[in-house]
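Below: one structure, written as structure tokens.
Each value in this text was obtained by applying a stated rule to the coordinates, not by laboratory testing. Please read these numbers as outputs of a predicted model, since none were measured by experiment. Cβ atoms come from the backbone with ideal geometry, glycine included; neighbour counts cover every protein chain shown.
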Amino acid sequence: MTASNDPELYFAEDGAPRSGRFGDIYYSLQDGLSESRAVFLAGCHMPDVWAGRSDFTLLELGFGTGLNIAAVMALWAETRPTGSHLHIFSIEGFLVSATNAGKALAAWPELTPFADALLAQWPQKSEKRARRGFHYMDFPEWGVSLTLGLMDVRAALTAWEGRADAVFLDGFSPALNPDMWADDVFALVADRTKGGARLATFTVAGLVRRGLQAAGFTVEKRPGFGRKRERLEVVRAGKTSPAASRPKKLAVVGAGIAGCALVHEARHLGLEVDLFEVESVGAGASGNAAALVTPRLDAGDNDISALFADAFAYATALYRQLCPQAILGEGVWQCEATPKDVSRFERIVRQSGFAEGDLSLFAAGEVADIPQASGIGLNTALWVRPVDILSVLRGSKNSIQACITGHKLTEAGWQVETSSGSVHAGYDAIIFACGDGIFDLADYRARYDLRPVRGQVEIVSDTVPLQSATSWGGYAIPLADGFLFGATHEREDRGVDVREADRARNLDSLARAMPERAARVAAGPFHSRASIRVMTRDYLPVVGAVDEGVYLLTGLGARGFCLAPLLARALLNQIIGVPSALPRAVKNLLDPRRLLPRGDV
Ligand SMILES: Cc1cc2nc3c(=O)[nH]c(=O)nc-3n(C[C@H](O)[C@H](O)[C@H](O)COP(=O)(O)OP(=O)(O)OC[C@H]3O[C@@H](n4cnc5c(N)ncnc54)[C@H](O)[C@@H]3O)c2cc1C
């Protein structure tokens, strides 16, 4: 970790975790859990507050070692309404390492399953610097999701679009950490809570009470826990509004990576899905023999680089955990394609959206497959077998073989119409995740500025194994007895026929990066495949509503395997009305309405 966000955790003589940076204790090992329960869980009237709720949203300022969150997960698992979901957004500016958190949480064996689950997805595995930004984690066995915002508290509250039912104001004491207990932070918290929401905190400091009151909260001192005489229970002005009815049944059109990721994420949210596929799973662009899972590299810590970094972290963690058998290898070399890439890569390597060690520069002579090249190593990127990923994400959900040609709103909800004239009805929402098939749907082809880009890849045997996946404008991925390489980019072309001319272009591209290898395999035989990417003019994906109850998840361009899982979750969260998995600004960037003709919004 860099000096700028290291809490400098150490264990004092009594074993209690302390922060050298803030000069304060995290909690005592004797009664830390009891205090967490008394101050925060009981202080927010849990579990009574979530009785009868299908979704409950908790905001926490000060994640610390994760003790409050592990405790609330344990209580939720025991008392949650059947089929309900807990959505947590917790903010931490100074994350402790998984090792230290594990040591601190080990004091409470009753929390072990929850602590272990948190530690398994902990953003900072070693003492290295963690990635800044949103870390989306899922705990489906208990119906819990956690977005850990590793960032400044003001930036995090501004980026998060949720509104909380309950808030834990934790963090080091106001005297030692005044930045967190400031009036503008209380105003942001008020903005991010629902009317009637409950807040709890351990401190009764005058500036905290006055600040919360000024922000519209009613504050009450209550008897404290242990050595602390008092604590605060706080209620946000306004009435608790009855929860809106949650969509239950969705139609998803298309069984590529977008559709299969939707099925997977919907399962975790307790949503029922009918998956429609005209041909077979992976029949479209998602069906190549191998694919890279790499982020687009944008210089500058901005919303676009955050999108790709967050999605990349979520997808790689998901594939590692759920389908390790799909992972063919790890670590991708991306060569400099233009002289400008030298300084661009130098900037990107230092960007806070990636964890220390995720990226590193390499010089000519360091990579055996491409000895002449220098560039950036994406050390945690993967190359995968798509068919296995689609199969695991889809699970036991069989697709319904049908070509969807239209949709209509009826009194019984949305219905989809098929090319054979049959109708499937009773949906609360429809999601078009049909890749290139979107261009056959007149409503969308005519209105939204989406662009087809044809691509062809080749598979060939080779006597000299490729060591690692490499990209240079083209790319090559090792396979069992050869490699896959490509790919062509042909705009406004929807043909999926295999073309000799495209193979020649792919070989030319390979020859620029790996001349000896290209010469050796030039005679083939080749196994080639062509399919269609969906692109947008700003090269960003398309996620969101196009009508009330009708949504798009498309425009994944050349990064479907990086983007689809997080975007699928973000879209489903939008559909059921819970906080997005994406920062607000990123979500807005992806709104389909940006692709409508001007004046049509
Ligand atoms: C040559 C090439 C190489 C690529 N390499 C990579 C890579 O290495 N890594 C990476 O991340 N991305 C890569 N991409 C991009 C990636 O393949 C896409 O971003 C991704 O596959 C898009 O997924 P999708 O689910 O949106 O669409 P698709 O995979 O195309 O799936 C759409 C599905 O919808 C079905 N469908 C269409 N219309 C209808 C309808 N009306 N009714 C019912 N079903 C319908 C289709 O049959 C299809 O199965 C590559 C793309 C190409 C072309």
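Counting only GluC sites (Glu not before Pro) that DSSP places in a loop and that have at most 15 other Cβ atoms within 10 Å, the longest clean stretch of the chain runs over 128-278.
On full extension, the segment bounded by D508 and L207 gains 101.5 nm, given 0.36 nm per residue less the C-alpha separation. For segment 281-421, the fraction of C-alpha pairs more than 17 angstrom apart is 70%.
When you filter the trypsin sites (Lys or Arg not before Pro) in segment 193-240 for DSSP loop state and at most 16 other Cβ atoms inside 10 Å of their Cβ, you are left with R227, K228, R229, K239.
In segment 539-596, the ratio of gyration radius to Kirkwood radius, Rg to Rh, stands at 0.92 when only Cα atoms are counted. Using the basic label-point model (7 angstrom from Cα toward the beta carbon), what is the V464 to L361 distance in nanometres? Output for this residue pair reads 2.8 nm. Spacing of the modelled spin labels on K194 and T405, each 7 Å from Cα toward Cβ, amounts to 4.3 nm. Taking one quarter of the surface of the C-alpha convex hull of segment 310-372 gives a mean projected area of 5.4 nm². Under 25 °C and 0.890 mPa s, how fast does segment 500-601 diffuse according to Stokes-Einstein, given a Kirkwood radius computed over C-alpha pairs? Answer in µm²/s, whole number. Diffusion coefficient, whole number: 148 µm²/s. If a spin label sat at a point 7 angstrom from the Cα of H45 along the line to its beta carbon, the backbone N atoms of segment 208-242 nearer than 11 Å would be those of 234-236, 240.
In whole angstrom, the chain maps to an equivalent ellipsoid with semi-axes of 44, 30, 20, each derived as √(5λ) from the alpha carbon gyration tensor and ordered largest first. Here is what passes the span test in the chain: the DSSP H helices with alpha carbon length of 27 Å or more along the helix axis and a Kyte-Doolittle mean of 0.0 or above are 303-322.
All Cα-Cα separations within segment 3-236 were binned at 5 Å from zero, giving a P(r) of 1, 7, 15, 20, 22, 18, 12, 4, 1, 0, each value a whole percent of the pairs. Per the Cα gyration tensor, segment 450-536 maps to an equivalent ellipsoid with semi-axes of 23, 13, 11 Å, ordered largest to smallest.
Distance from the Cα centroid of segment 279-333 to that of segment 438-481 is 13 Å (rounded to whole angstrom). Between amide H atoms placed 1.01 Å from N, distances below 5 Å from F362 occur with G375, I376, G377, all of them 5 or more places distant or on a separate chain.
Assuming charge only on the beta carbon of Lys and Arg (+1) and of Asp and Glu (-1), the dipole of the chain about its Cα centre is about 860 debye to the nearest 20. The count of lysine pairs in the chain whose Cα atoms are under 27 Å apart, excluding pairs fewer than 8 places apart on the same chain, comes to 18. Across segment 536-553, coupling constants 3J(HN,Hα) worked out from phi with the 6.51/-1.76/1.60 Karplus curve, θ = phi - 60°, read 10, 5, 9, 6, 10, x, 10, 9, x, 7, 10, 7, 5, x, 10, 9, 10, 10 Hz, and Gly and Pro carry x.
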